[in-house]
Amino acid sequence: MSSSFHELNQKRDQMKLDWNRVLPSNELLFDRWEKAKYVGAGEGTSIYDSCMLLGDVKIGKNTWVGPYTLLDGSGGGLSIGDFCSISSGVQIYTHDTVKWSLSGGKHGKVSGATKIGDNCYIAPMCIISMGVTIGNGCVVGANSFVNKSFPDYTIIAGTPAKKIGEVHFGADGEIELDYSSKE
Amino acid sequence: MSSSFHELNQKRDQMKLDWNRVLPSNELLFDRWEKAKYVGAGEGTSIYDSCMLLGDVKIGKNTWVGPYTLLDGSGGGLSIGDFCSISSGVQIYTHDTVKWSLSGGKHGKVSGATKIGDNCYIAPMCIISMGVTIGNGCVVGANSFVNKSFPDYTIIAGTPAKKIGEVHFGADGEIELDYSSKE
Amino acid sequence: MSSSFHELNQKRDQMKLDWNRVLPSNELLFDRWEKAKYVGAGEGTSIYDSCMLLGDVKIGKNTWVGPYTLLDGSGGGLSIGDFCSISSGVQIYTHDTVKWSLSGGKHGKVSGATKIGDNCYIAPMCIISMGVTIGNGCVVGANSFVNKSFPDYTIIAGTPAKKIGEVHFGADGEIELDYSSKE
């Protein structure tokens, strides 16, 4: 490890010099864009080393997947669109083990497909349950737990998450976050 | 690191081929079941490499401990039963440093033993405070902050967490999550 | 990796023997105090390897920065004072990408400087947004999402976070957490 450790230190220095970033050491080993390609994600997508991908996970183009994330496609398949922000700490599921634990292993895990549309901003540390569909152009507020589906252009927040507004676009493409229409 | 890195890449390929998983690179180095044995956990328990264990932590059999978790037994001892799901991102404490910070280090940390029973499902990113006891067969909802104790078969959620229901078992062992009895 | 892995195992054994801790393997490679020095933090500060630091981050003396944290100074600069507890899983931002995602990359990221005073306790898994100032001697409860500023000695909790109390000091320096004055 002595020589490995020396190389890791050099990578740390180079990253600091080039990008003014000091990353967890495992993030120095793999390139985020290479990892995205490795899992078959679209052009321009990047995925940090500390993202855990399980099972069948499809990710579109130009999507940013942060560190400490969990993308679980082991239940029924997970798909994520283009230009999404999957912020740090986000966990998206296609299964749960509630009944497995309660039954002492007699019940298996329960599962369902989960889908995130294009252009979605999923804020830090959100949890999205199995079976949920989130439409295009949605904003999910920080720390939310989403256990039901929402249509395109919904602003969502809370535990469990509810609609707290809508995304509108002006004639010139200007974005308005409209909080007048709540659930 | 060049040869180490080459070996890490091979492990990554093998994991993808065998299990359709792409794990954070550190998870490729240690086996989850080996780690559980290393910390004295019971038969059938697995613990991801990115779980941090501090101090006196006892874990039963067939329990699943996810990534990015923190199990702190440094205060008064932490015990976790059999067939629990300690989901990804869960943090369980036996100390806090509130007064340490506020006093500029004059106060020490405060501590207390924490206990999780058997057959508990602790959902992703829950935080359980020092001194808390959670009984057998409890379900703690995603994103909860638990700072008081709850008896067997309670469904718990919120920040701070409250009772939102009860777990019942039918004559045939069928599990019912009953939300009629709340705090 | 075989020899590297052997060395990592030895470090794991030594850490367990010396400190009764079993750490994620990447935490065995770098010393927490060395990392703090490496990023220019003050004397007595420690920062776990799995803390990700981006851009311009200033950290004072005797501050504890936990694992799985994200300190983002890439937007407008982030400063954190002395004797803070930046608990495990905390994420502090100086930018967001809401409009970047919604616009399909036409809008850039939005940014603003963020500041945490001295003697603050930031509980596990809090998220602090860009542009926020938290005064000295504040307590931010677990799982909070802080998207506005608070003055010295405020107790803060919730998503979004509100004032739920005040920190008082007795004549003898005794700390009182007073929950009578809420927002």
Rounded to the nearest 10, the angle in degrees between the Cα long axis of helix C:2-19 and the longest principal axis of the Cα atoms of chain C comes to 60 degrees
Looking only at lysines whose Cα falls under 23 Å of residue B:35's and that sit 8 or more positions away or on another chain, we get B:11, B:16, B:58, B:61, B:115, C:11, C:16
Report, largest value first, the span of the C-alpha coordinates of the range C:1-96 along each principal axis, in whole Å.
43, 26, 21
By the C-alpha gyration tensor axes a ≥ b ≥ c (rounded if a/c is under 1.5, else prolate when a/b exceeds b/c, else oblate), the shape of the protein assembly as shown is rounded
Among A:72, A:82, A:172, residue whose mean-square fluctuation peaks in a GNM of chain A (springs only between Cα atoms under 10 Å):
A:172
Chain B: relative contact order from alpha carbon pairs under 8 Å, six or more residues apart, as a whole percent, is 11 percent
Between rounded, prolate and oblate, where does chain C land on the alpha carbon gyration tensor, with a ≥ b ≥ c its root eigenvalues, rounded for a/c under 1.5, else prolate if a/b exceeds b/c?
oblate
Hey, for residue C:113 with labels 7 Å out along Cα-Cβ, what do the inter-copy distances come to in nm, ordered shortest first?
5.0, 5.0
Between the label point of residue C:6 and that of the same position in each other copy, find the distances and list them shortest first in nm, with every label point placed 7 Å from Cα along the Cα-to-C-beta direction.
1.8, 1.8
Give me the residues in the range C:146-183 whose solvent-accessible area, probe 1.4 Å, is reduced by at least 50 Å² once all protein chains are included instead of the chain isolated.
C:175
Run the numbers on the range A:36-70: which residues show a drop of 50 Å² or more in accessible area, chain on its own versus all protein chains together, using a 1.4 Å probe over heavy atoms?
A:38, A:52, A:68
With the label 7 angstrom out along Cα to Cβ, how close does residue A:177 come to the same site in each of the other copies, in nm, nearest first?
2.9, 2.9
Leaving ligands, DNA and RNA out of it, report the carbon-plus-sulfur percent of the accessible area of chain C at a 1.4 Å probe.
52 percent
Between residue A:179 and residue B:183, what FRET efficiency follows from the Cβ-Cβ distance if R0 is 30 Å, with the result rounded to 0.05?
0.50
If I model a spin label at residue A:110 and residue B:113 as a point 7 Å from the Cα along the Cα→Cβ vector, what separation in nanometres do I get?
3.4 nm
Heavy-atom accessible area per residue, the range A:24-183, 1.4 Å probe: how many Å²?
35 Å²
As a test of the definition: with a 1.4 Å probe, what buried accessible area, both sides summed, do you compute for A against C, in Å² to the nearest 100?
3400 Å²
Chain A, Gaussian network, Cα under 10 Å: of A:77, A:135, A:105, the residue fluctuating most is A:105
For chain A, modelled as a GNM with alpha-carbon contacts under 10 angstrom, which of A:53, A:78, A:17 fluctuates the most?
A:17
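The values are calculated or read from the model by the stated rules, or taken from the named source; none is laboratory data. Being a predicted model, the structure only gives us computed values, none of them experimental. When we count neighbours, we look across all protein chains shown, and the Cβ atoms used for this are built from the backbone with ideal geometry, even at glycine. Heavy atoms of the whole protein, side chains included, go into the accessibility calculation; ligands, DNA and RNA do not. Shrake-Rupley method; radii C 1.70, N 1.55, O 1.52, S 1.80 Å.
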